[in-house]
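The values are calculated or read from the model by the stated rules, or taken from the named source; none is laboratory data. Every value quoted in this text rests on a predicted model; they were computed, and no experiment measured them. Here Cβ is always computed from backbone atoms with ideal geometry, including for glycine, and neighbour counts include all displayed protein chains.
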Amino acid sequence: MKLDTRTPFIGSWALQALIILTIFFGSLNSFAQGDAEAGEALFKNNCASCHHPLKRQTGPALKGAVQRWADAGESENLYRWVKNAGALISSGESARAKELESYDPSAMTPQAVNDQEIDNIFAYVEAFTEPEKVAGDDGCPTPYLIEEKESSGKWKWLLAIAIILAVVIFGLAGVNRRLKETSDDFQTDDDHTYMEITKDWLWRNKVWVSLFGVVVLLIALSDLGWRAAQIDVVEGYEPSQPIKFSHIVHACKHEIDCKYCHSSVEKSKSAGIPSVNICMNCHRSIQEGTYFKGEEIGKIHSAAGYSVDDNAYYDSLSTGPIAWNKVHNLPDHVYFNHSQHVKVGGIDCIQCHGDVQTYNGGKVASVEEINKLEGTTKLTKPVLTMGWCIECHNVTGVNVLGAEKDSYYDEIHKRLKNNPELLKKFKGEDGTITVKELGGWECAKCHY
């Protein structure tokens, strides 16, 4: 009798297919069993500098990566890829790894994470949705950037109203004169002009006219004196900038330290204006802002010659350095050194610049604004004037006791320590050694 072997044959294939599907979906679902909440912290600490769940940055977007590796039949190799991509590529055991290497040859940094932590990371990535960006509710002022400043045209309206009133007054005066000329009781001499009538009126009221003239002259002289005193007083100066940058967004909302962008403030005469490269450290990844989306950040990309689509730099795309408008300008004969004040003197930025994290662009703070801030030396002279500097040098104490070893102030401390009489003279009645007493009023200290 002939045996029928078809049924066992079909059954074995069905069993094999079931086993393969079980293994396939089991390996695929293993990533879905992670803890998304725990994965968020892991992603931010290990992955966020190069990856975004939904957007390409330095590395590709990660959402869907689990499925892509599963489609390639290499779900388990994804763990190896995350832990050490270079080792997986070198082993030659993964076609998917070779494919990714040819797509983007930049090496991914090995990550010190275990399988469960990788599951958590991808659970967070797969569950990620782009949060809605909402301005406010963070304790920071609202940047002026979301509402463009309207140029003040009040003076134009006042001038127009004054001209209209003058025309109306002269018109009414002419009508009044014509009416009087047609009146039976009107007596006039046709030879009298308006000028002659005006002179006659002024003469008859010479006392009041003289008093009025003196008052107007005094007001004019007072205004001239005030305006002369405001020469080179630039408090409140806030020039426009080629990019709608806001300190409120960077310093307040995102709490970026001043020295990150103004990196030479402790080492140089100048605090330094951030280069395009400094901006691109963040804006290669952050490609859209809350208020202007990619419009303003796109100007940074253009200056750097960066293509968002290609994730690459091209010299042909670069528009050149950003021409920022300088805010704090000193005369050419004035010498000022940031490092001497910030590093050696320990002066906080707010003492001269005010509460920068509440500013839009760059701005020269007023002395009244600075005096309201806690921890500042209270001064009276306008900011960036010679009187302001001298007044500060006169009242600001120098901590020579806590000076860095072998520094300028450490040498002064040694000399004063060895000369009690000189120390007593310098300390005076208030017990403070001021900048003035150490030569801070000498002309050559601040002038070339």
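Worth a mention:
- Filtering the range 338-388 to residues that are out of contact with any helix residue (DSSP H, G or I) (no Cβ under 9 Å at 6 or more places or on another chain), part of a loop (DSSP other than H, G, I, E, B) and among the polar types (S, T, N, Q) leaves Ser366, Thr385.
- Set side by side, the residues Asp35, Asp137 differ, and just one is surrounded by fewer than 17 Cβ atoms within 10 Å (Cβ to Cβ), among the charged types (D, E, K, R) and at pLDDT below 85, which is Asp137.
- Neighbours by Cβ (under 8 Å, 6+ apart or cross-chain): first from the range 423-448, assigned to a helix (DSSP H, G or I); second not hydrophobic (A, V, I, L, M, F, W, C): Leu423/Lys417; Phe426/Glu437; Lys436/His393; Lys436/Asn394; Glu437/Gly428; Lys445/Tyr335; Lys445/Gly439; Cys446/Tyr335
- Taken as a whole, the range 78-94 holds at least one residue that is exposed (fewer than 15 other Cβ atoms within 10 Å of the Cβ), outside any helix (DSSP H, G or I) and modelled with pLDDT of 85 or more.
- For Gln111, the test of being over 21 Å from Glu130 (Cβ atoms), modelled with pLDDT of 55 or more and under 37 Å from the mean Cα position of the chain (by Cα) is passed.
- Condition check for Val249: crowded, with 16+ Cβ neighbours inside 10 Å, in contact with a Pro (Cβ under 7 Å, 6 or more places away or on another chain) and within 30 Å of Glu288 (Cβ to Cβ): yes
- Restricting Leu217, Leu179, Leu211 to residues that are modelled with pLDDT under 90, more than 30 Å from Glu368 (Cα to Cα) and aliphatic (A, V, I, L, M) narrows the list to Leu179.
- For first residues located in the range 279-292 and among the basic types (Lys, Arg), partners that are assigned to a loop (DSSP other than H, G, I, E, B) and crowded, with 16+ Cβ neighbours inside 10 Å and lie 6+ apart or on another chain with Cβ distances below 8 Å form the pairs Arg284/Gln57.
- Of all residues making up the range 267-299, the number that are over 28 Å from Leu317 (Cα atoms) and surrounded by 15 or more Cβ atoms within 10 Å (Cβ to Cβ): 1
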